[in-house]
Amino acid sequence: MISIGKVNKKFGKFTVLNDLTLELELGKSYALIGPNGSGKTTLIKTILGLVIPTSGDITIQDKSILKEWAYREKIGYMPQIGRYPENMTIGQVFEMIKNIRKHTGALDEELIQSFELEKMYGKRMHTLSGGTRQKVSAALAFLFNPPILILDEPTAGLDPVSVEILKDKILKEKESGKLVIITSHIMSDLDDLTTDLVYLFEGDLIYNDSIKNLKKETGETKLGKAISCLITQNKCLTELITS
Amino acid sequence: MTRIIKYILFDMLRTRFILLYLGFLLLSTISMFMLDGDNAKVVLSLLNIVLLVVPLVSVIFTTIHFYNSYEFMEMMLSQPINRKTVFLSQYLAVILALSLALLVGVGLPIFLYGASGSALTLLYASLMLTFVFVSLAFLAAVFTRDKAKAIGVGLLFWFYFALIYDALLLWVVYQFADYPIERATLAMISFNPVDLARILMLLQLDISALMGYTGAFYKEFFGSNMGFVYSTAILLLWTLIPVTWSMRIFKRKDL
């Protein structure tokens with residue numbers, strides 16, 4: 001579905017993505033992880049067209065996305081920090097996005113209902129807490145029933161009840177055959193939600209395989225343990241290479 | 001695009017900056033008219049306010065607005081919308097808001113107290129200045145991610161065109177006073193939108209005789225329809241070149 005071919009991104013001299021090649025398929029859900037500053041958000045922004053790669057190409061359904069914009073109707077994006085016009089009410093923000101998207105199919109308002117956002121439609125965005133903003137972002141990402149979902153730290157800042165609601169929703173969408181990309185630092189969440197692992201380190205793709213295989217390779221049953229095993233292994237390897 | 005412009009305008013009007021600007025213009029224009037019965041004098045005093053305030057407000061408001069809507073633009077661009085549409089909507093919304101404030105703040109009193117040719121030229125010149133300085137400010141804003149830097153560059157534009165350029169021009173004119181430099185100064189004026197607007201106004205006010213031989217030359221040029229068309233064309237160039245340039249940068253910009 002999404003194929004990333006030899007993408008490089010440099011900010012000045014600093015390389016953020018280094019010759020990244022990656023295939024993301026429909027029906028799978030990917031955990032995109034890596035330490036802070038490893039290029040996760042840049043990768044997501046490149047797929048969204050917010051950041052333009054220095055070289056390389058990204059295709060969605062075999063069509064290049066560079067200089068294109070209509071493909072974004074296939075993507076639901078939940079940003080790390082959702083910022084909206086501060087003087088608008090929640091209801092107006094939903095209205096605006098609906099207006100802009102000109103979506104013809106059915107709307108998926110399940111999250112609006114389960115987060116009980118309708119009660120708060122009259123509240124202005126600048127009065128909202130971080131958690132409520134996250135709920136708005138989440139509801140917007142799922143609203144248009146897109147085949148691709150990109151969630152940047154979806155559970156950060158949400159209360160435990162809402163986290164469960166959101167996780168159930170993500171699982172449901174994953175089961176219905178969508179492509180889900182999630183970044184998170186909470187391994188237990190990813191363990192429940194994702195089937196594949198993409199591990200980035202300083203712009204390089206270190207690991208890209210199913211989580212099942214990873215667990216088999218490392219002999220661990222928990223994702224967190226398996227990843228730390230992977231990282232230490234990796235460190236040993238690089239030390240070996242450099243020495 | 002009209003929908004997006006509507007939303008941006010709506011959000012902008014709520015920040016009260018535009019309303020303050022409108023109030024200031026309304027207050028100063030009405031008080032000028034009340035203090036002085038002579039229409040020409042009122043226009044002259046207004047000219048001095050407008051030439052300083054309009055570019056300054058345009059620059060500051062545009063840069064602040066651009067940076068405040070950074071996240072909003074990011075959100076828009078993660079939706080299926082063209083970058084050009086987002087940029088032009090922002091640009092047109094700012095232009096519309098500031099022009100509206102001018103039209104109500106200066107235009108309304110002018111029409112109430114009797115619209116003369118010179119008063120209308122004043123309104124026209126200030127609208128043109130708004131276009132030019134909004135475009136220049138957009139250019140400054142797309143060049144850097146740093147808000148303070150962009151405001152600084154914008155202010156530098158204002159400082160240069162409103163104050164420094166005049167001093168330079170005066171120095172040149174003084175140094176070469178013995179030569180026939182009317183045409184050269186005419187060309188130099190074209191490089192400063194504020195001067196262009198000022199000359200346009202002064203000649204309407206019929207006080208060009210005070211400027212001696214050069215004044216007569218300008219009168220001959222700017223007083224005619226040709227002069228009006230010329231200055232409009234140059235001011236439009238001052239608007240279009242920065243805005244197309246900044247749009248090209250914005251299209252390739254990492255957000």
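The values are calculated or read from the model by the stated rules, or taken from the named source; none is laboratory data. Computed from a predicted structure; not experimentally measured. Neighbour counts are summed over all protein chains in view; Cβ atoms, including those assigned to glycine, are modelled from backbone coordinates with ideal geometry.
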- Give B:230, B:179, B:174 a once-over and let me know the one that is under 27 Å from residue B:43 (Cα atoms) and of a type in the set (Ser, Thr, Tyr). B:230
- Query: What residue, of A:219, A:203, is at positive phi and either loosely packed, with under 13 Cβ neighbours inside 10 Å or modelled with pLDDT under 80 (or both)?
  - Reply: A:219
- Query: Counting residues that are out of contact with any Leu (no Cβ under 6 Å at 6 or more places or on another chain) and over 28 Å from residue A:155 (Cα atoms), which strands (runs of 3 or more DSSP E) fully inside segment A:1-58 reach at least 1?
  - Reply: A:2-11, A:14-24
- Spot the failing condition for residue A:98; the list is (1) more than 9 Å from chain B (Cβ to nearest Cβ); (2) outside any helix (DSSP H, G or I), and only one is missed. (2)
- Item | Residue that is surrounded by the most Cβ atoms within 10 Å (Cβ to Cβ) [pool: residues in segment A:154-179 that are closer than 14 Å to residue A:78 by Cα and of a type outside the set (A, V, I, L, M)] | A:154
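Identify all residues within segment A:23-59 that are within 17 Å of residue A:8 (Cα to Cα) and among the charged types (D, E, K, R); write none if there are none. So that I can check it myself, show each step before the final result.
Filtering segment A:23-59 for residues within 17 Å of residue A:8 (Cα to Cα) gives A:23, A:37-59.
A:23, A:40, A:45, A:57 - these are the residues of segment A:23-59 that are within 17 Å of residue A:8 (Cα to Cα) and among the charged types (D, E, K, R).
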- Looking only at segment B:231-255, and only at residues there that are of a type in the set (Ser, Thr, Tyr) and surrounded by fewer than 17 Cβ atoms within 10 Å (Cβ to Cβ), the one that is farthest from the other protein chains (Cβ to nearest Cβ): B:232
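Which residue, of B:111, B:143, B:159, is of a type outside the set (S, T, N, Q), surrounded by fewer than 21 Cβ atoms within 10 Å (Cβ to Cβ) and in contact with a Lys or Arg (Cβ under 9 Å, 6 or more places away or on another chain)? Show your work before the answer.
Working: B:111 fails: in contact with a Lys or Arg (Cβ under 9 Å, 6 or more places away or on another chain); B:159 fails: in contact with a Lys or Arg (Cβ under 9 Å, 6 or more places away or on another chain).
It is B:143.
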- Message: Which condition from (1) within 30 Å of residue A:88 (Cα to Cα); (2) out of contact with any strand residue (DSSP E or B) (no Cβ under 8 Å at 6 or more places or on another chain) is the one that residue B:78 breaks?
- Response: (2)
- Task: Kindly indicate the residue of segment B:116-173 that is among the basic types (Lys, Arg) and assigned to a helix (DSSP H, G or I) and also farthest from residue B:90 (Cα to Cα) among those meeting that condition.
- Result: B:149
- Which listed residue is touching a residue at least 60 places away in the same chain (Cβ under 8 Å), of a type in the set (S, T, N, Q) and within 14 Å of chain A (Cβ to nearest Cβ), from B:63, B:29, B:85: B:85
- Query: Within the group B:35, B:52, B:19, which residue is within 14 Å of chain A (Cβ to nearest Cβ), over 23 Å from residue A:141 (Cα atoms) and surrounded by fewer than 16 Cβ atoms within 10 Å (Cβ to Cβ)?
  - Reply: B:19
- Query: What pairs come up if the first residue lies in segment A:14-31 and is more than 21 Å from residue A:194 (Cβ to Cβ) and surrounded by fewer than 18 Cβ atoms within 10 Å (Cβ to Cβ), the second is of a type in the set (Lys, Arg) and modelled with pLDDT under 90, and their beta carbons are under 6 Å apart, counting only those six or more places apart or on different chains?
  - Reply: A:19/A:6
- Specify which of the listed residues (A:73, A:86, A:110, A:95) is more than 21 Å from the chain's Cα centre (by Cα), surrounded by 14 or more Cβ atoms within 10 Å (Cβ to Cβ) and in contact (Cβ under 8 Å) with a residue 40 or more places away in the chain. A:86
- Residue within segment B:93-110 that is in contact (Cβ under 8 Å) with a residue 60 or more places away in the chain and either in contact with a strand residue (DSSP E or B) (Cβ under 7 Å, 6 or more places away or on another chain) or not in a helix (DSSP H, G or I) (or both) present: no
- Within segment B:197-227, tally of residues that are at pLDDT 70 or above, closer than 19 Å to residue B:44 by Cβ and in a helix (DSSP H, G or I): 11
- Message: If I go through segment A:149-190 residue by residue, how many of them are touching a Phe, Trp or Tyr at 6+ places or on another chain (Cβ under 8 Å) and assigned to a helix (DSSP H, G or I)?
- Response: 4
